[in-house]
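What follows is one structure encoded as structure tokens, with my remarks underneath.
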Amino acid sequence: MNGAGKDGEAAGSHPANVVLVGLPGAGKGTQAAQFARRHRVPKISTGDILRDAVARATPLGREVAATLQAGGLVPDDVIVRVVEERLAHPDTARGFVLDGFPRTVPQAVALDALLGGRPVAVIYLEISPDVILQRLLTRRTCESCGQADTGAHTSEYCASCGGSFVKRADDHIDVVRLRIAAYVENTQPLVDWYSQRPAFRTVNANQPLIDVARAFDAAVRECLGSS
Ligand code: AP5
């Protein structure tokens, strides 16, 4: 395991229940995918679930399509229902990593109720705002599995699933600005709220991927040891 702890080690004897919070482009999806592989827990990305629903034009997809396109937030009750259904799957028994949920205080309160006192590590990926635009405006995302290209644009196809890389519909400058504004209004207060907890850590997301991954694993171990 490349310097980021052995499989399952992050959580010691606890299931590795992890929440990742951070600005758009902070690296939540990238780190969540790598953590999930290392620790064999599911990555639960609300953005991926919503984009998949939009692509398949399900009732949920039709309900949220305009909100995603506009860079706003889906209503709390809608997204909490989505997460409640996903957390009920048996694959979450050993833990999970949540990417993009919660992102409001009411969503976090709902998550606490769903977890019923089970420990959760909250990791805040802190990034300089000037890095974000460059990351998001050049990002390519796999249209099949939703993972971002971390291979410096050396291939047309995703190394994980073979899908084609595309530009995400909300990775355009005007929408990115609205997503950042939604974060400042709704999610920064959530970070402040979570920061009062012992199982909260901040990780510097301006570093190279491998260094963020190492810091992320160490932070989860500390959190779950302290909860
Ligand atoms: P979502 O998909 O969650 O988007 P987001 O929060 O805006 O985050 P991103 O996916 O854009 O960025 P990321 O932090 O995952 O960065 P990534 O790893 O890709 O949500 C989309 C929409 O769905 C929302 O706008 C909203 O409408 C709705 N929604 C979702 N959840 C919701 C909720 N809970 N409530 C209400 N609405 C909700 O990395 C970005 C790029 O940087 C990549 O190219 C990557 O390769 C690169 N990179 C990453 N780390 C590094 C590094 N260390 N060094 C260099 N490059 C790096």
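Quick one: which of ARG38, ARG51, ARG81, ARG62 is in a helix (DSSP H, G or I), open to solvent by 50 Å² or more (accessible area, probe 1.4 Å) and either away from the ligand (no atom under 12 Å from the Cβ) or of a type in the set (Ser, Thr, Tyr) (or both)? Steps first, answer last, please.
On the way: ARG38 fails: open to solvent by 50 Å² or more (accessible area, probe 1.4 Å); ARG51 fails: either away from the ligand (no atom under 12 Å from the Cβ) or of a type in the set (Ser, Thr, Tyr) (or both); ARG81 fails: either away from the ligand (no atom under 12 Å from the Cβ) or of a type in the set (Ser, Thr, Tyr) (or both).
Step by step, each of ARG38, ARG51, ARG81, ARG62 is checked, and only ARG62 is in a helix (DSSP H, G or I), open to solvent by 50 Å² or more (accessible area, probe 1.4 Å) and either away from the ligand (no atom under 12 Å from the Cβ) or of a type in the set (Ser, Thr, Tyr) (or both).
Within the stretch 145-162, restricting attention to residues that are small (Gly, Ala, Ser) and surrounded by 16 or more Cβ atoms within 10 Å (Cβ to Cβ), the residue that is farthest from LEU23 (Cα to Cα) is GLY146.
Residue check: GLN134 meets all listed conditions (1) within 12 Å of the ligand (Cβ to nearest atom); (2) open to solvent by 70 Å² or more (accessible area, probe 1.4 Å); (3) part of a loop (DSSP other than H, G, I, E, B); (4) modelled with pLDDT under 95 but one, namely (3).
Only one of the numbered conditions (1) free of Cβ contacts under 8 Å to residues at least 40 places away in the same chain; (2) within 18 Å of VAL18 (Cβ to Cβ); (3) open to solvent by less than 50 Å² (accessible area, probe 1.4 Å) is violated by GLY116, and that is (3).
Residues to consider are VAL184, VAL122; find the one that is open to solvent by less than 20 Å² (accessible area, probe 1.4 Å) and hydrophobic (A, V, I, L, M, F, W, C). Talk me through it step by step, then tell me what you get.
Details: VAL184 fails: open to solvent by less than 20 Å² (accessible area, probe 1.4 Å).
One residue alone meets the criteria, VAL122.
Selection over the stretch 67-78 of residues that are touching a residue at least 60 places away in the same chain (Cβ under 8 Å) and either part of a helix (DSSP H, G or I) or of a type in the set (Gly, Ala, Ser) (or both) gives a count of 5. Determine if the stretch 96-108 includes at least one residue that is open to solvent by 30 Å² or more (accessible area, probe 1.4 Å), among the β-branched types (Val, Ile, Thr), farther than 17 Å from GLY47 by Cα and in a helix (DSSP H, G or I). Yes, the stretch 96-108 contains at least one residue that is open to solvent by 30 Å² or more (accessible area, probe 1.4 Å), among the β-branched types (Val, Ile, Thr), farther than 17 Å from GLY47 by Cα and in a helix (DSSP H, G or I). Restricting the search to helices (runs of 4 or more DSSP H) fully inside the stretch 160-227 and requiring at least 3 residues that are over 22 Å from VAL105 (Cβ atoms) and within 14 Å of the ligand (Cβ to nearest atom) gives 173-182, 209-226. Here PRO106, PRO90 are screened, and the one residue that is farther than 28 Å from ALA159 by Cα and free of Cβ contacts under 8 Å to residues at least 60 places away in the same chain is PRO106.
The values are calculated or read from the model by the stated rules, or taken from the named source; none is laboratory data. Note that this is a predicted model, so its numbers are computed, not measured. Quick reminder, even Gly has a Cβ in these numbers, built from the backbone with ideal geometry, and neighbours come from all protein chains shown. When the accessible area is computed, the model is the full protein with side chains, heavy atoms only, and any ligands, DNA or RNA have been set aside. Shrake-Rupley method; radii C 1.70, N 1.55, O 1.52, S 1.80 Å.
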